[in-house]
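The values are calculated or read from the model by the stated rules, or taken from the named source; none is laboratory data. Since the model is a prediction, treat every value here as computed from it, not as a measurement. Here the Cβ positions follow ideal geometry from the backbone for every residue, glycine too, while neighbour counts run over all protein chains shown. These area figures cover heavy atoms from the full protein model, side chains too; ligands, DNA and RNA do not enter into them. Shrake-Rupley method; radii C 1.70, N 1.55, O 1.52, S 1.80 Å.
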Amino acid sequence: MSFIDLKEYSQADIQSLIDNSVEESIHLDFKESRALEKNDKKKEDISKDVSAFANSDGGIIVYGISESNHCAGSLSCIDGEVFTKEWLEQVINSKISERIEGIQIFPVRFDGDLRKSVYVVKIPRSIRAPHMCSDHKYYRRYGTTSVPMEEYEVRDLFYRINKAELEIDNIFLHTHDQKNEDYYEIEVYSSIANCGTVPESVYKMNYYVTAPGGLKINRISWNTLEENNTRSFWKDGVKISSIGKAPLFPGERIDFGRFTIELTNDQAKEFIKNTSIRLVLFFQGGSVEKSFKLDQFFDQLFSAS
């Protein structure tokens, strides 16, 4: 699971960013400790960066890491006695209009020392955009920076609240009861949700199932009464497409794109160890995607074998 998708954050998670020189992106930004200071200019910068993520596609700002060539370079810890989580929340909430719902701040204390803190600020893609910075400008993410928005971009965001906003929650694998001891049937499906304010009636999921050297499987199947699926093969994998049959209403979460892969015992273990799946969900308002490596399911599927 990527850093952005984690539900909690630890010292090891922060250190791994540095050890692996993780690169900043449109969804990830690193700020050294000097980014948090109690003057109006720094507070304005905080509001600019946070509002830019909310106005764009959401993401994470890590306060307490110095970047080098847009990569995580070294720790730059924050004194949590001076700059508390509550202080950072207050700056964000008071300097951005309108208030962004759903922001999470995760304090990470290195070696349990409050004076050696890192703050992971997780910002959602806001359906109530645009959000204005304290300098009375609107910002968005552009590559690894926050830039002022053009007038037409601001105007377009006012319509976001009246759109469906679909998301991919997770992917699930489990085995069917084995009718033949020589074969496994592994069922794959995902969970999707409508986080917007209007129903979505047109949506489609593509599963890109790939493995180095090509997939070794017996067959792929699905229940045609439940799913409207198609498939196409290429050298290293297969694309499976599922088209939604019923409207997805605001706040609704469903299991979607269910299919079954049949493999021999040897194929099954190799499949789980080496295969990755990229999910791309298309809907009228745009598209979202997530990638998963299946080796995370190995113990779950084969612990008893």
For this session: Report yes if Glu200 is in contact (Cβ under 8 Å) with a residue 24 or more places away in the chain and closer than 26 Å to Ile123 by Cβ, otherwise no.
Result: yes
For this session: Report yes if Asp169 is acidic (Asp, Glu) and modelled with pLDDT under 80, otherwise no.
Result: no
For this session: Please list, ordered by first then second residue, the pairs with beta carbon atoms under 6 Å, 6 or more apart or interchain, first in region 105-131 and within 30 Å of Arg160 (Cβ to Cβ), second hydroxyl-bearing (Ser, Thr, Tyr) and open to solvent by less than 10 Å² (accessible area, probe 1.4 Å).
Result: Ile105/Tyr119; Tyr119/Tyr63; His131/Ser51
For this session: Scan region 229-245 for residues that are free of Cβ contacts under 8 Å to residues at least 24 places away in the same chain and not in a strand (DSSP E or B) and report the count.
Result: 2
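Which one is surrounded by the fewest Cβ atoms within 10 Å (Cβ to Cβ), of the residues in region 1-17 that are within 13 Å of the chain's Cα centre (by Cα) and more than 15 Å from Glu67 (Cβ to Cβ)? Explain how you work it out, then say what you get.
Our first condition is that a residue be within 13 Å of the chain's Cα centre (by Cα); within region 1-17, this holds for 1-7.
Then keep just the ones that are more than 15 Å from Glu67 (Cβ to Cβ); that gives 1-2, 4-7.
Values: Met1: 11, Ser2: 11, Ile4: 13, Asp5: 10, Leu6: 14, Lys7: 8.
That would be Lys7.
Determine, yes or no, whether Ile26 is aliphatic (A, V, I, L, M) and closer than 14 Å to Ile103 by Cα.
Values: aliphatic (A, V, I, L, M): yes; closer than 14 Å to Ile103 by Cα: no.
Against the criterion (aliphatic (A, V, I, L, M) and closer than 14 Å to Ile103 by Cα), Ile26 does not qualify.
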Exercise. Do we have any residue at all in region 18-34 that's under 30 Å from Asn170 (Cβ atoms), hydroxyl-bearing (Ser, Thr, Tyr) and open to solvent by less than 20 Å² (accessible area, probe 1.4 Å)?
Worked result: no
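Collect the residues in region 285-301 that are in a helix (DSSP H, G or I) and aromatic (Phe, Trp, Tyr), keeping them in residue-number order. Talk me through it step by step, then tell me what you get.
In the first step, residues of region 285-301 are kept if they are in a helix (DSSP H, G or I); the result is 294-301.
Correct list: Phe297, Phe298.
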Exercise. Can you find even one residue in region 252-262 that is of a type outside the set (Asp, Glu) and open to solvent by 70 Å² or more (accessible area, probe 1.4 Å)?
Worked result: yes
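Collect the residues in region 78-102 that are closer than 19 Å to Phe3 by Cβ and crowded, with 20+ Cβ neighbours inside 10 Å, keeping them in residue-number order. Walk me through it before giving the result.
As a first pass, look at region 78-102 and keep what is closer than 19 Å to Phe3 by Cβ: 78, 102.
Ile78, the sole residue that qualifies.
Look through Glu101, Glu151 and report the one residue that is among the acidic types (Asp, Glu), closer than 24 Å to Asp45 by Cβ and without any contact (Cβ under 8 Å) to a residue 24 or more places away in the chain. Lay out the reasoning, then the answer.
Details: Glu101 fails: without any contact (Cβ under 8 Å) to a residue 24 or more places away in the chain.
The conditions single out Glu151.
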Problem set entry | Residue satisfying all of: in region 271-289; over 15 Å from Ser241 (Cα atoms) and surrounded by 15 or more Cβ atoms within 10 Å (Cβ to Cβ); modelled with the lowest pLDDT among these | Gly285
Exercise. Going through region 122-148 one residue at a time, which ones are open to solvent by 30 Å² or more (accessible area, probe 1.4 Å) and hydrophobic (A, V, I, L, M, F, W, C)?
Worked result: Ile127, Met132, Val147
For this session: Quickly run through region 100-110 and pick out the residues that are modelled with pLDDT of 95 or more and charged (D, E, K, R).
Result: Arg109
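Across region 107-121, what is the total count of residues that are of a type outside the set (Val, Ile, Thr) and buried (at least 19 other Cβ atoms within 10 Å of the Cβ)?
Restricting attention to region 107-121, the residues satisfying the condition of being of a type outside the set (Val, Ile, Thr) are 107, 109-117, 119.
After this cut, where a residue has to be buried (at least 19 other Cβ atoms within 10 Å of the Cβ) as well, the list is 117, 119.
The total comes to 2.
Condition check ((1) in contact with a Cys (Cβ under 8 Å, 6 or more places away or on another chain); (2) farther than 19 Å from Arg141 by Cα; (3) modelled with pLDDT of 95 or more) across all residues:
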residue	(1), (2), (3)
Leu17	no, yes, yes
Glu32	no, no, yes
Glu86	no, yes, yes
Glu98	no, no, no
